[in-house]
Structures are given as C-alpha cells and as structure tokens.
Amino acid sequence: MSDTLSVAASIAGLITIADIVVRKGYHYLHDLKDVEKDAKKLIDEVNVLSGILHSLKNVAEYLESDDYEFDPATQIHYVNTCQKSLQRIQEQLDGADPISTSNAKKLKRKLKWPFEKRKTEELLADIEKHKAIMTLAMSADQMSVLLDLLRRGEILQKKVDSIHSSVLEMQSLQHRLIGDETREKMLQYLSKLDIEDWQRSNLALRQPGTGIWFTDGEEFKAWVSTENSKLWIYGIPGAGKTILVSSIIQKLSSFVVDGRALAFFYCDYKNPQTHDPVTIFGALAKQLAVQNEVCLQELENFYTAHIGKDGLERKATPDELCGLIRSLAMHLDESIIVVDGLDEISKGCSDVTRLLTELSSLLSIKVILSSRPEVDIKRHLSAFAPISIAARSADLQLYVASEIEKRISNGRLTISDPMLKEEIMRTLVERAEGMFRWVSCQMDYLCECSTDRERRNALGKLPPDLPSSYRRILERVNASTKHNQQLVAHTLQWIVFGMQDLTMPALLEALGCIDNETNFDRACCTTADQLQHWCSSLVRMSSEEEVLEIAHFTVKEYLMSIDPMQEPQLAKFKASENLANANLAITCLTYLNYPTFRTFIFPKIVNKEAKYQIQNYLDIYHFLTYATVFWDEHARTIMDDPSIFKKVKRLFRPGQNKAFNFWKRLRFYLIRENDNYVRFRDSDGYDSDQNTTPLHWASILALPLVCKWLLQKQPDANKRSHLGSPLHCALLGDTDVDIDYCSPDFLEEKPIWREIDRERVIRMLVKGGSLIDRVSPYSEKTPLAASLGPKIRNFVKLLVDLGAKFTFDELQEIIEAGVDGDDSWMGLPNTAHELAKLIIPDEEHGLEETIFRVGVILTVPWVDNSNSEISYAFENAEASYDETTVPKCLDTGYNGPISESTLQLLRRTIEIQARLRSPDTLLALVNYLKKS
C-alpha cells in the first residue's frame with residue numbers, strides 16, 4: 001500500500017479523538033461532586049457524534065470501494081472544524097484530569113467543570129452542528145455528494161460553480177491554443193516533464209483537512225492580496241513543506257482566471273533532472289506560455305531564435321529562459337511562481353535561487369519559495385517575507401489518530417487497552433516538534449511491537465530526531481538474520497543507485513539473484529510485504545504503487561552520512577556508489593549468465609509476431625530488461641575488479657557463446673524498440689543478429705578493458721557486420737544508422753556515450769589492426785565519413801591523427817558545416833595548402849587543382865546576385881579591407897566604383913589570392929585590375 005490517505009481514514013481519525021474525549025469526559029464527570037447538567041449533556045452529545053462518525057466511516061469506505069477515484073486536492077473543511085471543537089474539549093479535560101493526579105480522592109471535592117457555562121453552551125451548539133452535518137453526509141449515495149457535504153458549508157454553490165466554470169474555460173482555451181503539432185513541439189522544447197503529475201502525487205500524500213491553517217491564515221491572504229509579494233516558507237526536514245506547498249498550489253489554482261497565471265515546480269532529490277536550471281525555468285516558462293495567443297507568439301519567436309541554420313534546436317540557457325519568463329509575464333496581469341525544495345538541488349542551488357530572486361523583481365510577478373533554512377538560500381532571499389513552518393498540533397493530532405485507525409484496520413497494529421490510543425497520540429504529538437516524518441517513523445516502529453507493554457516501553461524511549469529514528473530501524477534489521485540484513489542493504493542500493501526505477505516484480509527478482517547459484521530460482525525471491533516490513537520507514541511505494549522509492553530526502557542523507565569507522569555495524573547500509581555499483585553489476589551479470597536464458601530461441605527476423613513472442617518472455621522475467629540494458633553502466637567504473645571482470649569475460653567469451661548471443665539480440669531489440677533519439681531504417685522485419693561479434697559490442701559500449709582482452713583472444717579487428725567494423729561501432733555507439741538521422745543531443749544524453757573511454761577504444765582498435773579507410777557494407781561510409789555526424793565530430797581530428805584521409809566531398813561537407821558557426825571542434829588546418837594534403841589523391845585532379853578546389857569551398861560568404869545586394873556587400877567588404885569578399889563580389893558581377901586603397905590591397909595580395917581562388921575568380925579580378 002502507498003501512503004495515500006482517504007476520506008474514511010480522516011473520519012477514523014475523528015473517531016479516535018472523539019472516543020478519547022468521551023472516555024476522559026465520563027471519568028471526569030464520575031469524580032465531580034456536583035455534575036452540571038450541560039456538562040454531562042456535552043459529553044453525551046460527543047458520544048452520540050462518535051457513533052455518527054462510526055456510521056459515516058462505513059459509508060465512506062463503501063463509497064471508496066465503489067471504483068471512485070478520490071481527488072486528493074479536496075480539502076474537507078468540516079473534518080478540520082469538527083476536530084478543532086473536539087480538541088478544545090480534550091485540552092481542557094487534559095488540564096484538569098483527576099486520573100493523572102496522585103491524590104485524586106482528596107481533590108475530588110475541589111474539582112470543577114473546566115468550562116464556563118457560556119463556553120459549554122457554545123461547544124454544545126458546535127457539536128450539534130457537527131452531528132447534523134455528519135448525519136446529512138450519511139445519506140450520500142455517491143462519493144462526490146459526500147465530499148460536497150463535508151466541504152466548507154458557507155461557500156455559496158453559485159460562487160463555486162462560477163470559479164469552476166472559469167477554470168474549465170481557461171483550460172479549454174489552453175487546449176485550443178496548443179492544438180497544433182508545431183506549438184506542441186515548441187512546448188516540448190521548453191519541458192518534457194509532466195508537472196501536473198507531480199502535483200497529483202504530492203496531494204495524494206496529504207491527510208485531508210491538513211494545511212488549512214496556512215491557506216486560511218492572515219499571512220497567506222496578505223500575500224495573495226499584495227502586488228509583487230514574495231514569500232519564503234522554510235522549515236526543518238520532515239515538517240511537511242512539500243505537502244503544504246501542494247495545498248498552496250491547489251488553492252492558487254482557483255485564482256488562474258482573468259489574466260492571472262500560475263507556474264510551479266517541485267525540485268525532487270530523487271530526480272536529478274529536476275535539479276537542472278534549464279529544466280526548472282523551462283517548465284515554468286511552459287506553464288506561462290499557454291495562457292494566451294500573445295504568449296504563444298512570444299514562445300514562437302524564442303523558439304525560432306534557437307533553431308540553427310542546420311535546422312537543429314539549440315539548447316537555451318537558464319538566463320535566456322528567465323528572459324522568456326519576463327517577456328511572457330509582460331503579457332499577463334499577474335504571474336504567480338511557486339518553487340518547492342530548493343535545498344534538494346544537488347548542484348547549482350545558489351544560482352537557481354538567485355535567478356528566481358531576479359524574476360521576482362518584476363512587478364507583475366509574485367513568488368513563493370520553500371526550502372530548509374540553509375545559509376546560501378537565506379542570503380539570496382533577504383527581500384522575501386520568511387515564514388517558519390512546522391506541523392501544527394491540530395494537523396498532527398488528526399494525522400496520528402487517522403494513522404492509528406488505518407493501521408488497526410489493516411491489521412498492522414493491535415491495541416488491547418483503549419487508553420493506549422490516547423497515550424500514543426499525546427506522546428507523538430508532544431514529541432514531534434512539528435515533524436510529520438518523525439511521527440510516521442514512530443508509528444511504523446510501534447507496529448513492530450508485539451504487546452501493549454512493549455509499545456508503552458517504546459513510547460518512553462522514542463528517538464529524539466530523524467537520524468536516530470533511522471539508526472534504530474537499521475539496528476532492528478541487524479538484530480535479524482544475515483539474509484534480512486543483505487535484503488535491506490541491497491534494496492536501498494537499488495533504489496538510490498539504480499539507473500532507473502525497478503517495478504516491484506523486477507526488484508524482487510534482482511534481490512533473489514544469488515551469486516553462487518547455478519540457475520535462477522524463484523524460491524530465492526522474497527515477497528513485497530516482507531520487503532516493506534524490513535525496510536519500514538526507509539522506503540515507500542510510489543503514488544502509482546509500481547515502484548519502491550526512498551521515503552524521504554532525509555533517509556538518503558542519513559544513509560550517506562553513516563561513518564563505517566564510527567559505526568562499523570552499519571557500514572553495509574552506507575550509501576556508497578562504488579559499493580553499490582559492484583553489487584548491482586554482479587547481480588546483473590549473474591542473472592544474464594544463468595542457463596535459463598540460453599534455452600530461449602530468439603527470433604532471427606524481428607517482425608510483429610516476433611515482438612509479441614519477445615515481450616511475453618520479458619513479462620515472465622521482469623528483471624531481464626534492466627540487466628540487459630544497464631549492466632555495463634554499473635560495471636564500467638569498477639571493471640578492473642577481478643570478480644566483475646571475470647563475469648564480463650564469461651558473458652563476452654568469443655566462440656559459441658549462447659549467453660552472449662541471447663544478450664546481444666535482446667539488447668539490439670530493446671535499442672530498436674525503445675530508443676527515442678534515433679529513426680531507424682527497416683523498422684519492421686529487421687535482423688536481430690546483425691552478424692556482430694563480442695568485439696563489435698565491446699566497441700559499441702566503449703569498454704576499453706574488454707576490447708583489449710578480446711583483441712588478444714580474437715585478433716580480427718576488421719570483422720564485417722551489418723553495423724560495420726568494430727571501428728564503425730566505436731564511432732556510432734549503439735545505432736546502425738547514419739548519425740544525421742538522430743536527435744542532435746542523443747549522444748550526450750545516452751549513458752553509454754563515454755567520450756574518454758570511446759577515444760581509448762578507437763585508438764586501441766586502430767593499433768590492433770582496424771583499417772581506418774574501410775567502407776561499411778551497410779552504411780557505405782568510411783569511419784571518417786561516419787564521424788561527420790552531429791556530436792561526434794570531435795573524433796574527426798583523432799581519426800586524421802591516426803592516418804585517415806578525406807574524399808573531396810567529405811571535406812566539403814565538414815567545412816560547410818562549420819561555415820556559420822565555430823569550427824574549432826574540428827581541430828583541422830584552416831588553409832587550402834594543408835587541407836589539400838588530407839584528401840585522398842585521385843587521377844583526375846593534381847595537387848595544385850585540388851588546392852584551388854579547396855580554396856573555393858573556403859571562400860565565404862556567398863552573396864545574392866542582385867546588383868543592390870552585391871553593391872552592399874562590396875561596400876562593407878571594402879570598408880573593412882575584406883580581401884576574401886571583394887574578389888567574390890567582382891566574380892558575381894559587381895561593376896561599381898572601387899577605391900585606390902582597395903586596388904592597392906588587391907594588387908598586394910594577388911599572389912595569395914592566386915593560390916586560394918578558382919580560375920574564374922582570378923580571371924575576374926585580373927580583368928578588373930586591368931580595366932582600372
């Protein structure tokens with residue numbers, strides 16, 4: 001189960017509080033000498049309310065089970081209001097409870113009802129009102145009706161309908177605005193993240209009724225009503241900042257009408273992509289851009305300016321995106337920006353905070369930021385109104401009460417003594433110091449206790465903070481079996497250092513993969529319930545209930561902070577990347593080498609029927625996809641570890657190797673089916689084998705040590721395949737297509753593109769005998785021609801240094817690619833003389849003519865042939881003594897005046913021009929000089 005909370009759970013929390021009030025109230029009345037009529041009536045009415053709440057909880061559970069998807073955005077004000085009334089009664093009774101007094105009998109005569117008559121009457125009226133509302137709610141036959149009855153009653157339905165209609169109208173307008181494919185492409189350029197999904201996930205973790213104290217508070221109302229207001233919400237770890245921000249965003253979403261816009265972002269420690277300033281400001285800009293037609297036009301201008309002459313998108317900088325946000329805000333009456341979790345940005349937090357502060361200087365922008373109270377963040381936010389938050393006792397009380405009832409209901413918690421409920425709630429609320437997260441850890445621990453006595457003992461020894469809470473959990477694991485210790489340690493490694501999230505079935509298979517086992521045995525796999533039991537409070541199911549994730553940012557911080565010297569017993573749990581990569585690589589390689597996968601007959605030709613067969617197999621072995629795609633990323637940095645390299649050699653052993661043949665076919669299939677960066681040829685019915693050897697794939701993955709070993713075992717470095725030679729594979733990575741058909745950023749985004757390792761492999765292959773000018777039978781390109789594609793041109797100089805030469809057409813392609821930009825990446829000579837030496841000689845053209853031809857393609861820029869354009873170009877060239885463009889203008893037909901200084905310049909440089917210009921250009925120049 002995830003941590004998602006429901007309406008029924010909130011009502012159950014009210015029941016717990018009401019039952020405590022009733023029990024304490026009757027005990028108190030029993031010890032009073034003279035019981036006031038209204039006093040007894042108040043406790044009686046609370047008892048009746050408790051019965052109504054029990055019935056209402058049954059109704060809510062029934063409606064929730066009826067395939068109703070509860071909207072976590074719903075704030076149930078009447079739950080909050082009812083809780084406040086019960087809490088007022090409980091607090092007064094706690095302050096004058098005779099049971100807690102050692103001399104209760106002696107004091108019995110002195111006891112008085114703790115409320116004045118008027119206050120008792122007010123509370124009675126409140127309880128009556130709550131009874132009426134809850135009774136009415138029981139009549140609901142649909143969850144939507146129940147929620148309407150439990151929402152704030154004083155909001156007029158007409159006003160709600162009006163706001164809802166405006167929001168729907170705005171959403172409809174936005175859908176119309178972004179309806180065409182071009183605009184959708186521009187918006188995707190800004191951000192590919194689903195920000196709304198983040199909001200839904202965070203709202204799902206919120207206890208209904210919590211956070212109202214802030215959104216109904218004076219500070220928030222003042223911020224909303226003030227122009228260009230700035231708010232910084234800060235608090236200690238575990239105080240519920242992110243959940244509170246989700247409530248704020250939900251509240252603000254109702255304001256997104258009549259020229260107001262809302263843009264928000266969650267920085268998440270689990271997702272490094274959300275730490276990137278480009279991602280953050282791109283997502284904010286995207287939300288503002290869809291507000292109206294003018295904003296979208298502004299985006300179109302921005303997007304066009306970031307498209308190069310080659311048609312490829314140029315990545316925007318954070319400063320450029322902030323400039324776009326300012327431009328968009330100028331077309332809106334008010335723009336609201338909310339960013340949560342600044343402290344969770346691993347690198348560049350200070351820069352992001354600074355840029356957000358600069359954005360807030362625009363009068364039409366108001367900002368809310370949230371973070372821990374870190375020094376660097378505070379320094380940038382001196383102009384922001386700071387609000388320190390901690391979970392309010394009322395919210396904590398409802399949360400604890402709801403958690404008690406929920407855990408009793410699902411069987412995780414068994415309490416024999418009703419008084420223990422009150423002790424748990426009181427102790428946790430008093431000791432929490434505003435931390436929801438701390439409360440959650442203690443509740444998990446109490447569920448592990450077997451008896452009421454053990455739970456009471458635990459309440460007396462509660463850890464003071466989150467690190468101590470996590471330490472206690474790991475100490476409990478250490479007291480268990482070695483298998484359980486390894487289970488928890490490896491689970492944490494997979495979650496923290498895995499290349500991507502594993503589904504629960506895949507994770508269970510990975511954890512059940514035993515190094516010394518001869519084959520995969522499902523009997524070695526634990527269950528999801530056992531796994532969550534032993535990792536209690538450290539992990540949780542994601543809101544989609546598909547994968548396990550770290551329960552809170554502070555868990556990862558604690559795991560990284562473990563000092564093996566100080567706490568050697570906890571060393572196995574330390575978050576160490578090297579240790580994790582070793583364990584995860586061994587698991588992947590052990591799994592891939594199991595004989596189980598040698599029996600699967602992989603289809604030679606992958607067509608529609610074959611894809612269905614392969615997918616069915618992957619649905620049986622859930623961990624197979626991850627192990628196939630990511631083993632090399634875990635093994636790469638520790639390949640010199642003998643235990644790792646031994647397993648790699650087993651997988652890549654040349655000859656009849658069924659494990660390698662299965663792996664390479666599956667890897668190629670997964671590339672073809674899942675790669676979003678490449679447009680492949682022959683998308684259906686392609687050869688799964690490609691006639692590749694272990695050396696081809698070691699080159700594709702850029703694994704120097706494996707290539708070195710294979711060149712010793714299998715010295716043919718020129719073995720042909722449909723992907724070309726091993727050298728072609730090293731240059732192209734894991735794709736069999738012309739690189740020009742790929743997204744320009746595909747290599748830098750791919751994990752396998754390790755430039756340093758790739759360069760080592762290229763040098764190693766050439767030294768090992770790879771023919772540097774051999775043409776691939778599939779792509780019909782030499783390695784040098786293949787390296788002319790985007791993002792790998794920095795290998796051009798390397799290949800030239802290793803002896804490769806160009807055809808004339810290849811040289812022309814590389815020079816023309818650098819005409820309008822910085823061509824320093826080539827690292828090649830920039831004169832016709834030197835470049836001509838790099839061209840493969842042919843019988844048709846001698847060296848001098850080749851120099852002339854190279855000089856022609858070095859001559860830039862070309863100008864239009866219209867007289868006005870030629871004249872304009874010539875005047876500019878003459879003014880700057882541009883000896884390149886002047887002859888070009890003459891060659892294209894310029895017949896206007898020419899100054900004496902230019903003539904002298906041309907005469908002085910005619911010898912140089914003769915070596916750089918084509919005969920036609922020289923003839924035009926000489927004829928013009930003679931005429932002059």
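Considering only the range 416-457, state which residues are at pLDDT below 90, farther than 13 Å from Ile20 by Cβ, open to solvent by less than 50 Å² (accessible area, probe 1.4 Å) and among the basic types (Lys, Arg).
Correct list: Arg437 only.
List the helices (runs of 4 or more DSSP H) inside the range 389-490, counting only whole elements, that have at least 3 residues being of a type in the set (Val, Ile, Thr).
On the way: elements: 393-409, 418-431, 436-448, 452-459, 466-478.
Qualifying helices (runs of 4 or more DSSP H): 393-409, 418-431.
Restricting the search to the range 319-370, which residues are on the phi > 0 side of the Ramachandran plot and surrounded by 17 or more Cβ atoms within 10 Å (Cβ to Cβ)?
Gly341
Return the total of residues in the range 568-605 being more than 30 Å from Phe660 (Cα to Cα), open to solvent by 40 Å² or more (accessible area, probe 1.4 Å) and either free of Cβ contacts under 8 Å to residues at least 12 places away in the same chain or not in a helix (DSSP H, G or I) (or both).
2
Suppose the filter is over 27 Å from Cys82 (Cα atoms) and touching a residue at least 12 places away in the same chain (Cβ under 8 Å); does Ser253 pass it?
no
Which one of these does Gln188 not meet: (1) surrounded by fewer than 14 Cβ atoms within 10 Å (Cβ to Cβ); (2) at pLDDT below 75?
(2)
From the residues in the range 248-261 that are open to solvent by less than 10 Å² (accessible area, probe 1.4 Å) and part of a helix (DSSP H, G or I), which one is nearest to Lys192 (Cα to Cα)?
Ile249
Take the residues of the range 31-89 that are assigned to a loop (DSSP other than H, G, I, E, B) and open to solvent by less than 50 Å² (accessible area, probe 1.4 Å): which is modelled with the lowest pLDDT?
It comes out as Ala73.
Every residue in the range 285-296 that is open to solvent by less than 50 Å² (accessible area, probe 1.4 Å), assigned to a helix (DSSP H, G or I) and among the aliphatic types (A, V, I, L, M), please.
Ala285, Leu288, Ala289, Leu296
If only one of Pro467, Pro463 is modelled with pLDDT of 90 or more, out of contact with any strand residue (DSSP E or B) (no Cβ under 7 Å at 6 or more places or on another chain), over 25 Å from Ala528 (Cβ atoms) and open to solvent by 50 Å² or more (accessible area, probe 1.4 Å), which one is it?
Matching residue, one of Pro467, Pro463: Pro467.
Enumerate the pairs (first residue in the range 796-807 and within 14 Å of Ala836 (Cα to Cα) and of a type in the set (S, T, N, Q); second residue anywhere and at pLDDT below 80 and assigned to a loop (DSSP other than H, G, I, E, B)) with beta-carbon separation below 6 Å, excluding pairs fewer than 6 apart on the same chain, so at least 6 apart or on different chains.
Listed pairs, sorted by first residue: Thr807/Ile840.
Listed here are the residues, each with its yes/no results for (1) assigned to a helix (DSSP H, G or I); (2) open to solvent by 60 Å² or more (accessible area, probe 1.4 Å).
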| position | (1), (2) |
| --- | --- |
| Lys221 | yes, yes |
| Trp232 | no, no |
| Ser246 | yes, no |
| Ala263 | no, no |
| Tyr269 | no, no |
| Ala283 | yes, no |
| Glu298 | yes, no |
| Thr304 | yes, yes |
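When residues of the range 389-415 are filtered for being farther than 30 Å from Ile248 by Cβ and either buried (at least 24 other Cβ atoms within 10 Å of the Cβ) or of a type in the set (S, T, N, Q) (or both), how many remain?
Counting residues in the range 389-415 that are farther than 30 Å from Ile248 by Cβ and either buried (at least 24 other Cβ atoms within 10 Å of the Cβ) or of a type in the set (S, T, N, Q) (or both) gives 3.
From the list Val375, Val367, Val338, which one is farther than 20 Å from Glu298 by Cβ, free of Cβ contacts under 8 Å to residues at least 60 places away in the same chain and hydrophobic (A, V, I, L, M, F, W, C)?
Exactly one of Val375, Val367, Val338 is farther than 20 Å from Glu298 by Cβ, free of Cβ contacts under 8 Å to residues at least 60 places away in the same chain and hydrophobic (A, V, I, L, M, F, W, C), namely Val375.
Sort out which residues of the range 765-780 are modelled with pLDDT of 80 or more and either hydroxyl-bearing (Ser, Thr, Tyr) or buried (at least 19 other Cβ atoms within 10 Å of the Cβ) (or both), and write them in order of number.
Across the range 765-780, the qualifying residues are Leu765, Val766, Gly768, Ser770.
Could you go through the range 656-673 and let me know if any residue there is assigned to a loop (DSSP other than H, G, I, E, B), over 33 Å from the mean Cα position of the chain (by Cα) and at pLDDT 90 or above.
Within the range 656-673, not a single residue is assigned to a loop (DSSP other than H, G, I, E, B), over 33 Å from the mean Cα position of the chain (by Cα) and at pLDDT 90 or above.
Looking only at the range 611-625, filter to residues that are hydroxyl-bearing (Ser, Thr, Tyr) and over 25 Å from Lys646 (Cβ atoms); which one of those is least open to solvent (accessible area, probe 1.4 Å)?
Out of the qualifying residues, it is Tyr617.
Working carefully through the options Lys556, Lys608, find the one that is surrounded by fewer than 20 Cβ atoms within 10 Å (Cβ to Cβ) and under 29 Å from Glu673 (Cβ atoms). Before you say what the answer is, go through the steps one by one.
Values: Lys556 fails: under 29 Å from Glu673 (Cβ atoms).
Lys608 is the lone residue from the list that is surrounded by fewer than 20 Cβ atoms within 10 Å (Cβ to Cβ) and under 29 Å from Glu673 (Cβ atoms).
Here are the criteria: (1) polar (S, T, N, Q); (2) closer than 23 Å to Ile249 by Cα; (3) not in a strand (DSSP E or B). Tell me which single one Ser370 does not satisfy.
Against the list (1) polar (S, T, N, Q); (2) closer than 23 Å to Ile249 by Cα; (3) not in a strand (DSSP E or B), Ser370 comes up short only on (3).
Can we say Thr628 is part of a helix (DSSP H, G or I), farther than 20 Å from Thr692 by Cβ and either of a type in the set (Ser, Thr, Tyr) or open to solvent by 20 Å² or more (accessible area, probe 1.4 Å) (or both)?
Spelling it out, it is not the case that Thr628 is part of a helix (DSSP H, G or I), farther than 20 Å from Thr692 by Cβ and either of a type in the set (Ser, Thr, Tyr) or open to solvent by 20 Å² or more (accessible area, probe 1.4 Å) (or both).
For residues in the range 336-365 being closer than 14 Å to Ile377 by Cβ and of a type in the set (Val, Ile, Thr), which is modelled with the lowest pLDDT?
Here the answer is Ile345.
Consider the range 515-559. How many of its residues are closer than 16 Å to Asn484 by Cα, outside any helix (DSSP H, G or I) and without any contact (Cβ under 8 Å) to a residue 24 or more places away in the chain?
Counting residues in the range 515-559 that are closer than 16 Å to Asn484 by Cα, outside any helix (DSSP H, G or I) and without any contact (Cβ under 8 Å) to a residue 24 or more places away in the chain gives 2.
Which numbered condition in (1) within 30 Å of the chain's Cα centre (by Cα); (2) at pLDDT 90 or above; (3) of a type in the set (Lys, Arg) is the only one that Lys708 fails?
The failed condition is (1).
The values are calculated or read from the model by the stated rules, or taken from the named source; none is laboratory data. Everything numeric in this text was worked out from a predicted model, so none of it was measured. Counting neighbours? That spans all protein chains shown, and the Cβs are built from the backbone with ideal geometry, glycine included. Just the protein is used for accessible areas: all its heavy atoms, side chains included, with ligands, DNA and RNA removed. Shrake-Rupley method; radii C 1.70, N 1.55, O 1.52, S 1.80 Å.
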